[in-house]
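Contents: one structure, followed by commentary.
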2 protein chains.
Amino acid sequence: MHHSTILTGIVHLVGAGPGSADLLTLRALRLLERADVIVHDRLVSEEILALANPAAERIYVGKRRSEHCLPQEQINELLVRLAHSHACVVRLKGGDPFIFGRGGEEAEAVAAAGIEVQIVPGVTAALGCAAQAGIPLTHRGIARSVTFVTGHTKDGQLDVDFPGLARSLMVGHGGSTVAVYMGIATMPALAAGLAAEGLDLSVSAALIERGGTPRQRELRGSLGELAARAQAWTDGGPALLIIGEVTAAHLARAHQFAAVAV
Amino acid sequence: MHHSTILTGIVHLVGAGPGSADLLTLRALRLLERADVIVHDRLVSEEILALANPAAERIYVGKRRSEHCLPQEQINELLVRLAHSHACVVRLKGGDPFIFGRGGEEAEAVAAAGIEVQIVPGVTAALGCAAQAGIPLTHRGIARSVTFVTGHTKDGQLDVDFPGLARSLMVGHGGSTVAVYMGIATMPALAAGLAAEGLDLSVSAALIERGGTPRQRELRGSLGELAARAQAWTDGGPALLIIGEVTAAHLARAHQFAAVAV
């Protein structure tokens, strides 16, 4: 799609999946091989970048919590600028671009500048972690729904609906699973907020670090135990918290297989 | 992993993604190429099966709503039996094995028989549909969480927590997205159940058929409108319903790009 008489490129917002290169989609791989420039963050591994067109320019805009290399607005502008000088711009994001990846904002900014955007979905962290840990996010008779929330704060507060989240985890409401992205730093606040809404913190949970990679680590226990131990346990990798009966011991045992090898 | 003195194979529960072959993961492709036998259902396309080892035996256990070719218990037993005569058993499932795929049950049954199981995550339908339709499932200031539920019935009733789901969709609770898998047949019941809990059915929604494939179709409108029109509109393909402000017109316009081409 060309706008006015100036040729512009296409911006591809590409989900890189949970970490292992072999959890890229074929479409993502093909775009990496064709890319003229790749804009990536810290959740994208070297193993994945090694698959890209060696001639492609690489721009690191790595984001950590409260330590953004480049503010979101500048990333948006960068993508627009790059599309004016490169045919194939790949914006590579950990997981899926539309699950806590701010892909919607980047897509809007690029589209607003009259540049074509394509979104390539990816295996989001919750799916990668669940598969490798052997935790079915939905399970007949145990979890009839799953909710993804983020442990990031907004204006200093956890950005979750505590009453709704607590309700979904309470026995008697039919069973549900909650996956909390990037939730280690705020786990004590999350647990306290849920307890204040009446949730019994003996609910089963699993904390998974570097999920979906060969270096995946797991901590299982009650939500209360995990909230108390998480800070000492983590070694700083990206982490996902899964809360709900699907993480309970009897299922975990049956599913230990999956943690063995990938 | 070998149990007793009899060699057994490994059962791989593999997510095939939303439909297009290029949304397979590299790991899924490699397993298909190596498979000795492939057990698949109707959500897995011919385009994907064409990538498999041509010498692999194929077993169709296709499931439709209320028209199971093979009951779940027999699929479980089949997987166990196949692992006693095949080194690499691939159970190929549409989307992700642990999102409404009954993968947890199959994994438990196979593990209980002493057979190794590996889970390969896939791009679940909600992510595939959202990417192609340009609908960010989470979006700053609009949707801070996303919930996946199923439109399937259990004992004749929709298996959802209506009060909780209605709450999550109400303005004032911070914004949320709900994705309903396989929800066309039960949309009127879903809408009525949510309305009974106080949800205003003018909430924006998008109905996506054959999402994540080149034949994707979309219907947008309020939840009330879609519930009234869905039966006449559908041509019977697998469908996903997305409810929430992220499907609203102003975002849809900005994101129309994505519906153009894949």
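Throughout, read-outs are computed from the coordinates displayed, never taken from laboratory work. What you are looking at is a predicted structure, and each value in this text was computed from that prediction instead of being measured. As a convention, Cβ positions derive from the backbone with ideal geometry for all residues, glycine included, and neighbour counts pool all protein chains shown.
A few points about this structure:
- Result for chain A in a Gaussian network model with C-alpha springs under 10 Å: among A:52, A:196, A:232, the largest mean-square fluctuation is at A:232.
- 0 to 90° range, to nearest 10: angle between helix A:223-233 axis and chain A longest Cα axis: 60 degrees
- Taking only Cα atoms of the range B:126-260, radius of gyration then Dmax in Å: 13.6, 42
- P(r) tail fraction, the range A:57-216 - alpha-carbon pairs more than 21 Å apart, %: 55 percent
- Computed over the range B:126-260: relative contact order in percent, which uses C-alpha pairs under 8 Å that are six or more apart: 31 percent
- Taking only Cα atoms of the protein assembly as shown, radius of gyration then Dmax in Å: 21.7, 72
- Restricting the range B:106-175 to trypsin sites (Lys or Arg not before Pro) in coil, as DSSP defines it, with at most 16 other Cβ within 10 Å: B:140
- Long-range tail of P(r) for the range B:10-123 (Cα pairs > 18 Å, %): 42 percent
- Neighbourhood net charge (12 Å Cβ-Cβ; Lys/Arg +1, Asp/Glu -1) for residue B:133: +1
- Rounded to the nearest 10 degrees, the inclination of helix B:103-112 to the longest alpha-carbon principal axis of chain B is 30 degrees.
- Computed over chain A, the per-residue total of -39500 (n - 2.57) for DSSP H runs of n ≥ 4 gives a 222 nm mean residue ellipticity of -8500 deg cm²/dmol, rounded to 500.
- Cα-centred dipole magnitude for chain A, charges only on beta-carbon of K, R (+1) and D, E (-1), debye, nearest 20: 500 debye
- Simple rule: put +1 on each Lys or Arg Cβ and -1 on each Asp or Glu Cβ in the range B:126-260, find the dipole, and look at B:150, B:213, B:241; the Cα lying farthest toward the positive end is B:213.
- For residue B:10, net neighbour charge (Lys/Arg +1, Asp/Glu -1) across residues whose Cβ lies under 12 Å away: 0
- Note on the protein assembly as shown: with charges restricted to the Cβ of Lys and Arg (+1) and Asp and Glu (-1), its dipole about the Cα centre is near 280 debye.
- In degrees, nearest ten, helix B:72-83 long axis to first principal axis of chain B (Cα): 40 degrees
- When the Cα positions of B:83, B:70, B:24 are compared along the charge dipole of the range B:10-123, B:24 comes out farthest toward the positive end, with charges on each C-beta of Lys, Arg, Asp and Glu.
- Total formal charge among the other residues, if their Cβ is under 12 angstrom from that of residue B:170, Lys/Arg +1 and Asp/Glu -1: -3
- Relative contact order of chain B, defined on C-alpha pairs under 8 angstrom at six or more residues apart (%): 20 percent
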